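Read through the structure below, which is laid out as structure tokens, and then see the notes.
The values are calculated or read from the model by the stated rules, or taken from the named source; none is laboratory data. Note that this is a predicted model, so its numbers are computed, not measured. A quick note on method: Cβ atoms are made from the backbone with ideal geometry, for glycine too, and the neighbour counts reach across all protein chains shown.
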Amino acid sequence: MLYSHSCFKQTIKEGEPVLVFLHGLLGSGEDWQSSIEQLPNSNWITIDLPGHGQSQEHTCADFFQCCQQISHTILSQLEPNTPIILIGYSLGGRIAMLGAALELFSNLNLVGLVIEGGNFGLQNEQEKKARWENDSYWAQRFRMEPIEQVLNDWYRQAVFSSLNDEQRQTLITKRSANLGNEIANMLLSTSLANQPYLLPALQQLSLPVLYVCGANDDKFRQLAEQSGLTYSQIESAGHNVHQEQPSAFAKTIQRFIDSLHKEVRSNDIGNHHG
């Protein structure tokens with residue numbers, strides 16, 4: 001069972017969704033704290049992914065096994081029919097999308113999906129090969145070098161270009177508690193090179209999907225704009241919206257929850273009159 005932290009404010013009212021948060025590579029469930037504090041009426045669970053936080057001793061061979069571990073962890077705390085909104089950032093977003101698109105969460109009552117800065121996947125073999133080489137290079141460095149040294153270079157990649165020096169330093173300090181070997185394992189077992197291209201399957205889902213991106217995150221903003229999915233762009237944020245703009249992120253989540261309630265109510269009215 002993966003480590004998880006949860007807070008159930010009240011007995012879960014029927015139909016009230018529980019928010020389940022999946023962090024990004026190098027993160028932990030604690031990353032969501034400043035956003036969760038702005039959602040005082042919600043019941044929630046944060047999960048530490050394999051090789052991360054307090055799940056450092058857990059490994060997963062691939063996406064499928066990771067989704068299985070997440071399902072088990074959720075079902076150890078909730079009744080199977082409890083409505084769940086899955087919220088994932090970056091790597092957590094990719095795992096959430098893949099699990100929903102390939103029906104690996106079919107034992108959960110998933111009622112909504114929020115993806116923050118998640119990559120839909122690569123479409124050609126050349127891109128996949130390049131990505132695998134890149135991930136293998138970083139995995140090797142995480143295994144062999146002091147983690148602070150690797151992180152210093154890691155956070156200089158283009159995707160983190162909106163960070164200033166102070167933010168970068170804060171992240172390096174915070175992420176240095178990770179074990180390089182465990183990060184390397186997770187980086188390779190959930191590499192984008194091994195992920196199917198998920199966008200067509202996401203577009204077909206009957207499940208409401210919201211894509212969240214930072215206005216300063218050029219790459220993922222473009223992915224969102226071209227995706228055909230409902231998306232929300234947060235001003236003054238780069239790749240990591242929930243840490244850079246926790247209040248705006250929480251408001252976006254709350255609006256999504258409210259829209260689900262409206263949808264359920266209108267369905268009920270429609271069924272009633274039908």
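Points worth noting:
- From the list 118, 99, 93, the one residue that fits, being in a helix (DSSP H, G or I), touching a residue at least 24 places away in the same chain (Cβ under 8 Å), in contact with a strand residue (DSSP E or B) (Cβ under 7 Å, 6 or more places away or on another chain) and crowded, with 24+ Cβ neighbours inside 10 Å, is 93.
- Condition check for residue 162: among the small types (Gly, Ala, Ser), surrounded by fewer than 19 Cβ atoms within 10 Å (Cβ to Cβ), outside any helix (DSSP H, G or I) and touching a helix residue (DSSP H, G or I) at 6+ places or on another chain (Cβ under 9 Å): yes
- If you check 195, 233, 226, 204 for being at pLDDT 95 or above, touching a strand residue (DSSP E or B) at 6+ places or on another chain (Cβ under 8 Å) and not small (Gly, Ala, Ser), only one passes: 233.
Yes/no per residue for (1) in contact (Cβ under 8 Å) with a residue 60 or more places away in the chain; (2) in a helix (DSSP H, G or I); (3) within 21 Å of residue 88 (Cα to Cα):
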| site | (1), (2), (3) |
| --- | --- |
| 111 | yes, no, yes |
| 127 | no, yes, no |
| 140 | no, yes, no |
| 151 | yes, yes, no |
| 166 | no, yes, no |
| 178 | yes, no, yes |
| 184 | no, yes, yes |
